[in-house]
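A.B. asks: The structure follows.
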4 protein chains.
Amino acid sequence: MSKYQHIKQSAYEANMKLPKLGLVLFTFGNVSAADRELGVFAIKPSGVPYEDLSPEKMVIVDFDGKTIEGDLRPSSDTLTHAVLYKHWDHINGIVHTHSTYATAWAQTQRDIPIFGTTHADHITVDVPCAPPMSDEMIAGDYEYQTGFQIMDCFKEKGLSYEEVEMVLVGNHAPFTWGKTADKAVYNSAVLETVAQMAYLTEQINPQAPRLKDALIKKHFERKHGPNSYYGQ
Amino acid sequence: MSKYQHIKQSAYEANMKLPKLGLVLFTFGNVSAADRELGVFAIKPSGVPYEDLSPEKMVIVDFDGKTIEGDLRPSSDTLTHAVLYKHWDHINGIVHTHSTYATAWAQTQRDIPIFGTTHADHITVDVPCAPPMSDEMIAGDYEYQTGFQIMDCFKEKGLSYEEVEMVLVGNHAPFTWGKTADKAVYNSAVLETVAQMAYLTEQINPQAPRLKDALIKKHFERKHGPNSYYGQ
Amino acid sequence: MSKYQHIKQSAYEANMKLPKLGLVLFTFGNVSAADRELGVFAIKPSGVPYEDLSPEKMVIVDFDGKTIEGDLRPSSDTLTHAVLYKHWDHINGIVHTHSTYATAWAQTQRDIPIFGTTHADHITVDVPCAPPMSDEMIAGDYEYQTGFQIMDCFKEKGLSYEEVEMVLVGNHAPFTWGKTADKAVYNSAVLETVAQMAYLTEQINPQAPRLKDALIKKHFERKHGPNSYYGQ
Amino acid sequence: MSKYQHIKQSAYEANMKLPKLGLVLFTFGNVSAADRELGVFAIKPSGVPYEDLSPEKMVIVDFDGKTIEGDLRPSSDTLTHAVLYKHWDHINGIVHTHSTYATAWAQTQRDIPIFGTTHADHITVDVPCAPPMSDEMIAGDYEYQTGFQIMDCFKEKGLSYEEVEMVLVGNHAPFTWGKTADKAVYNSAVLETVAQMAYLTEQINPQAPRLKDALIKKHFERKHGPNSYYGQ
């Protein structure tokens, strides 16, 4: 048995959740699961339908994007995953989807405003939207540059990837991450819901106010930090 | 067997209806069922996925919010339930969800206008939206204060909790209640549908008129009061 | 066996299609099936959940609204069905729902404009919206008057109930009918789809033009009349 | 066994995917599969519900629209399929649906703007919308003329049917095609998703910019052409 079996299994199970959660059409998404000690991650093979996946088909790749094990070609977004794993030490799962509402916001190149507690239960700021990259970067190593595009956005906005586990890539679609592949998938579903609610909120009331700071703080601290009291 | 078995069973079954009715993502919702003679209610444990629930996992809490029986921590919204049970004598079930359309309206801080008979079949007024609470209240005992926020809204608007079994908490999400936990769940689904229809109505015709009084009265009395003739 | 068994069976099967087609929440809808020779129709009992229905529970009512057979109270909308059967000789099935998009249009008190061939495949005019009835009519025999409200709308607009098998009742919701209960259910699903498409069309292009006459005529005649060539 | 069994089977399987993908209500859609050597295609019979289909019920038609084999009448849109097969040598599958969002765009008579990479992964231009045909053409051989309406639109816009495998027919609904019937069905689902995302994008930001050329080129070439690297 492969010494990577555990992350192949994790990546497989997390990938299979995407169609169940209604986050992907056909093969428009991928999940990876990393093992920091081994310095690799398991990722979905490119263009393979979810119904044909198995743990064995996951591809093992190192943090420079080099395939270590597997007969299939890894996801075309593999280099973006690799860059994020290499630079962000505390994440072990990454998800990319083209989920409908989050992608629509990405296409508008707008951050998703924080309008309510559903949003604040997860992050304390607007969901950041990274601007489209320059033509030079696009013509270069595109998926590799997408990773830097995301990190640059976080640097410019002064965000921590450990506190904000999601981003919209302008004109493209969302990426989410987390301590595990499962948590990254959870974040993708939360983002899609928050994106739909924010869309509806602006349709109903174009002057809807942002959530006030006291509520942002309260809801986030219910679920995170030393005084959290949500869950078991 | 626990002497609270009957409300644990009711609360369990009512909780399980939320995902079936499409009203919750992950654990974003909770139902409680009260026994007035015993002075307690059974409520969903915090953060436990619906697929892992069982009647035994429900937590028994008294109307001051003190846990009476159960190994798990009760829902983080438990104090809101407790306050409402303590002050509103005739309700035996409460539901909280983050259902999409109702939550979007809550985020706009607007009441949902009464536009048609689907709405009037259930309540005769706009669905009230309680304003966000003051920063002092938020910093205090938040979930406890949420109960008062709801009751204050009903007092200011002159509403009866027995006639209007639903509210939007501004910037947050809906609460509904009823004579039973099942009725409270029913009200959550009705509210979500009414919220979606009102959203669409305003999109199609921003000048859509409120339902006229004669129709409000007629439809409500078809289903409620001494001359009602709906149902068996 | 009841001599009304055949229409009880038809009404039962047609009612059961409403939840499958996503046209009803809880008990918000009803279908009836008539036998013209016997001068009666079978209709859903009031307020009974779809999962508890059976052919035996259907109620037999005559065209004056008098219950002829059945232990349960018939739908609260029974008198509307009775009036339409009594005055419109060539229909044998009627459906009432609160389907989301059609109800939203009814709440706006607007006809649904004919924007495309999906609409013209079924009717050649805008879907008519009957204005809300006068306060006197509402205070009187409401469901009985709803039947006349529908017929008055058709008279004023010069429409034939045999060519236009659907109507929106202003501030309320849709009714549809047809040669059979199954056809009436089919019309309810078509109306919901046409209502959603028209809503989206106006959102995308508020100046979207009505379908031109040549296309209306062509598409309707593909499916209806002596030269139709759709179907077997 | 019929010598057309292979395309009957392909057409049957491709047709059955339409309801699974949520692209059709009742019988509002059809798929055909062609065999270039035999000079014929298999197509859905007209007005037959999907649940009653079988490979044997597919109708074999030549590229002039003449029925070659089969007891049932072919789809009313058969002549449109025939015209496209006759003039566009490299397609072997065609799909017509009235899917909700694509049809709404067709009803607005607008091209669908290219707003993001989901769109650019498949085509490099706006989804073309052919203008409604002249009254003379409508009164003539309508379905035959619909084929020319589509081809004329491609000529005027300078598009290649091999690069752009989808079109909206103004006031009507979409057609898609491809090297196989399966690919044509895939294109119908992609078009519906792209149509929904573009609708949402304009609702969220009416000034949303078109995707820039460098990104269009990059995403399309990831999936198409000699340097593509998507899939296995």
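A.B. asks: With (1) of a type in the set (A, V, I, L, M, F, W, C); (2) open to solvent by 10 Å² or more (accessible area, probe 1.4 Å); (3) under 30 Å from A:His119 (Cα atoms); (4) assigned to a loop (DSSP other than H, G, I, E, B) as the list, and A:Ile91 as the residue in question, which single condition is left unmet?
C.D. replies: (2)
A.B. asks: Only one of (1) closer than 17 Å to D:Gly231 by Cα; (2) in contact (Cβ under 8 Å) with a residue 24 or more places away in the chain; (3) within 14 Å of another protein chain (Cβ to nearest Cβ) fails for A:Ile60. Which number is that?
C.D. replies: Only one criterion in (1) closer than 17 Å to D:Gly231 by Cα; (2) in contact (Cβ under 8 Å) with a residue 24 or more places away in the chain; (3) within 14 Å of another protein chain (Cβ to nearest Cβ) is unmet by A:Ile60, namely (3).
A.B. asks: How many of the residues making up region B:99-115 are buried (at least 24 other Cβ atoms within 10 Å of the Cβ) and within 7 Å of another protein chain (Cβ to nearest Cβ)?
C.D. replies: 7
A.B. asks: Follow-up. Can you name the condition, by its number, that C:Asp64 falls short on among (1) at pLDDT 95 or above; (2) over 25 Å from C:Lys179 (Cβ atoms)?
C.D. replies: (2)
A.B. asks: Something else: Given A:Gly39, A:Gly70, A:Gly93, which one is in contact with a helix residue (DSSP H, G or I) (Cβ under 6 Å, 6 or more places away or on another chain) and among the small types (Gly, Ala, Ser)?
C.D. replies: A:Gly93
A.B. asks: Based on this model, can you work out whether C:Gln203 counts as polar (S, T, N, Q), facing chain D (nearest Cβ under 8 Å), surrounded by fewer than 22 Cβ atoms within 10 Å (Cβ to Cβ) and under 30 Å from D:Ala195 (Cα atoms)?
C.D. replies: Against the criterion (polar (S, T, N, Q), facing chain D (nearest Cβ under 8 Å), surrounded by fewer than 22 Cβ atoms within 10 Å (Cβ to Cβ) and under 30 Å from D:Ala195 (Cα atoms)), C:Gln203 qualifies.
A.B. asks: Shifting gears a bit: Which of the residues spanning region A:165-193 are part of a loop (DSSP other than H, G, I, E, B) and open to solvent by less than 40 Å² (accessible area, probe 1.4 Å)?
C.D. replies: Answer for region A:165-193, where residues must be part of a loop (DSSP other than H, G, I, E, B) and open to solvent by less than 40 Å² (accessible area, probe 1.4 Å): A:Glu165, A:Gly170, A:Asn171, A:His172, A:Ala173.
A.B. asks: Right, something else. Which one of these is of a type in the set (Lys, Arg) and part of a loop (DSSP other than H, G, I, E, B): C:Lys8, C:Lys3?
C.D. replies: When all the criteria are applied, what remains is C:Lys3.
A.B. asks: Hey, among B:Thr118, B:Thr146, which residue is under 15 Å from C:Asn171 (Cα atoms) and buried (at least 23 other Cβ atoms within 10 Å of the Cβ)?
C.D. replies: B:Thr118
A.B. asks: Here is a follow-up. Out of the residues in region B:206-217 meeting the condition of being within 7 Å of another protein chain (Cβ to nearest Cβ) and part of a helix (DSSP H, G or I), tell me which one is farthest from B:Ile123 (Cα to Cα).
C.D. replies: My answer is B:Ala214.
A.B. asks: Given the structure, is C:Met151 at pLDDT below 95 and either more than 10 Å from every other protein chain (Cβ to nearest Cβ) or outside any loop (DSSP other than H, G, I, E, B) (or both)?
C.D. replies: no
A.B. asks: Something else about it: How many of the residues in region C:154-164 are under 27 Å from C:Ser75 (Cα atoms) and either part of a loop (DSSP other than H, G, I, E, B) or of a type in the set (A, V, I, L, M) (or both)?
C.D. replies: Residues in region C:154-164 being under 27 Å from C:Ser75 (Cα atoms) and either part of a loop (DSSP other than H, G, I, E, B) or of a type in the set (A, V, I, L, M) (or both): 5 in total.
A.B. asks: May I pose another question? What are the residue pairs meeting all of these: first residue in region C:14-25, first residue without any contact (Cβ under 8 Å) to a residue 12 or more places away in the chain, second residue open to solvent by 50 Å² or more (accessible area, probe 1.4 Å), Cβ atoms under 8 Å, and 6 or more apart or on different chains?
C.D. replies: Every condition considered, no pair remains.
A.B. asks: In this structure, is D:Gln196 open to solvent by 10 Å² or more (accessible area, probe 1.4 Å), under 30 Å from D:Val83 (Cα atoms) and among the polar types (S, T, N, Q)?
C.D. replies: Yes: the conditions hold for D:Gln196.
A.B. asks: To continue, here is another question. If you take the residues in region C:181-200 that are closer than 20 Å to C:Glu165 by Cα, in contact (Cβ under 8 Å) with a residue 12 or more places away in the chain and among the hydroxyl-bearing types (Ser, Thr, Tyr), which one is farthest from the other protein chains (Cβ to nearest Cβ)? Working first, answer last.
C.D. replies: Kept after step one, since they are closer than 20 Å to C:Glu165 by Cα, are these residues of region C:181-200: C:181-198.
Still in the list and also in contact (Cβ under 8 Å) with a residue 12 or more places away in the chain: C:181-185, C:187-198.
Going one step further and asking which of them are among the hydroxyl-bearing types (Ser, Thr, Tyr), we end up with C:188, C:193.
Numbers: C:Ser188: 11, C:Thr193: 5 Å.
Restricting to residues being closer than 20 Å to C:Glu165 by Cα, in contact (Cβ under 8 Å) with a residue 12 or more places away in the chain and among the hydroxyl-bearing types (Ser, Thr, Tyr), the top hit is C:Ser188.
A.B. asks: Do the conditions hold for D:Pro226, that is, is it open to solvent by 20 Å² or more (accessible area, probe 1.4 Å), away from chain A (no Cβ under 11 Å) and more than 22 Å from the chain's Cα centre (by Cα)?
C.D. replies: Answer is yes for this residue.
A.B. asks: Of the residues B:Ala120, B:Ala33, B:Ala42, only one is more than 10 Å from chain A (Cβ to nearest Cβ), under 15 Å from the mean Cα position of the chain (by Cα) and in contact (Cβ under 8 Å) with a residue 24 or more places away in the chain; which?
C.D. replies: The conditions single out B:Ala33.
A.B. asks: Of the residues B:Glu221, B:Glu162, only one is more than 12 Å from B:His122 (Cβ to Cβ), without any contact (Cβ under 8 Å) to a residue 12 or more places away in the chain, of a type in the set (Asp, Glu) and more than 9 Å from chain C (Cβ to nearest Cβ); which?
C.D. replies: Testing whether each residue is more than 12 Å from B:His122 (Cβ to Cβ), without any contact (Cβ under 8 Å) to a residue 12 or more places away in the chain, of a type in the set (Asp, Glu) and more than 9 Å from chain C (Cβ to nearest Cβ) leaves just B:Glu221.
A.B. asks: How many residues does region C:208-222 hold that are of a type in the set (A, V, I, L, M) and more than 15 Å from D:Gln145 (Cβ to Cβ)?
C.D. replies: Summing the residues that are of a type in the set (A, V, I, L, M) and more than 15 Å from D:Gln145 (Cβ to Cβ) in region C:208-222 gives 3.
A.B. asks: Could you list all residues from region A:13-59 that are open to solvent by 50 Å² or more (accessible area, probe 1.4 Å) and touching a Pro at 6+ places or on another chain (Cβ under 6 Å)?
C.D. replies: To start, the set of residues in region A:13-59 that are open to solvent by 50 Å² or more (accessible area, probe 1.4 Å) comprises A:13, A:17, A:19-22, A:26, A:36-38, A:51-52, A:56-57.
Within region A:13-59, A:Lys57 is the sole residue that qualifies.
A.B. asks: Please tell me if A:Leu159 is at pLDDT 95 or above and crowded, with 24+ Cβ neighbours inside 10 Å.
C.D. replies: No, not satisfied.
A.B. asks: Here's something else I'd like to know. When you scan region C:14-26, do you find a residue that is charged (D, E, K, R) and within 30 Å of B:Gln207 (Cβ to Cβ), even just one?
C.D. replies: For region C:14-26, residues charged (D, E, K, R) and within 30 Å of B:Gln207 (Cβ to Cβ): absent.
A.B. asks: Another question, then. Just wondering, is there one or more residues in region A:69-78 that are in contact with a strand residue (DSSP E or B) (Cβ under 9 Å, 6 or more places away or on another chain) and away from chain D (no Cβ under 11 Å)?
C.D. replies: There is at least one residue in region A:69-78 that is in contact with a strand residue (DSSP E or B) (Cβ under 9 Å, 6 or more places away or on another chain) and away from chain D (no Cβ under 11 Å).
A.B. asks: If I ask for residues that are polar (S, T, N, Q) and not in a loop (DSSP other than H, G, I, E, B), which ones from region C:11-28 would you list?
C.D. replies: As a first pass, look at region C:11-28 and keep what is polar (S, T, N, Q): C:15, C:27.
Hit for region C:11-28 is C:Asn15, nothing else.
A.B. asks: Conditions: (1) part of a helix (DSSP H, G or I); (2) in contact with a Leu (Cβ under 9 Å, 6 or more places away or on another chain). B:Val31 meets all but one. Number of the miss?
C.D. replies: (1)
A.B. asks: Based on this model, can you work out whether A:Gly22 counts as at pLDDT 95 or above and in contact with a strand residue (DSSP E or B) (Cβ under 7 Å, 6 or more places away or on another chain)?
C.D. replies: no
A.B. asks: I'd like the full set of residues that are part of a helix (DSSP H, G or I) and open to solvent by 10 Å² or more (accessible area, probe 1.4 Å), limited to region D:121-141.
C.D. replies: Passing the criteria: D:Asp135, D:Glu136, D:Met137, D:Ala139.
The values are calculated or read from the model by the stated rules, or taken from the named source; none is laboratory data. Computed from a predicted model, the values in this text were never measured in an experiment. So basically every Cβ, Gly included, is an ideal-geometry build from the backbone, and we count neighbours across all protein chains shown. Just so you know, the surface numbers come from the protein's heavy atoms only, side chains and all, with ligands and any DNA or RNA stripped out. Shrake-Rupley method; radii C 1.70, N 1.55, O 1.52, S 1.80 Å.
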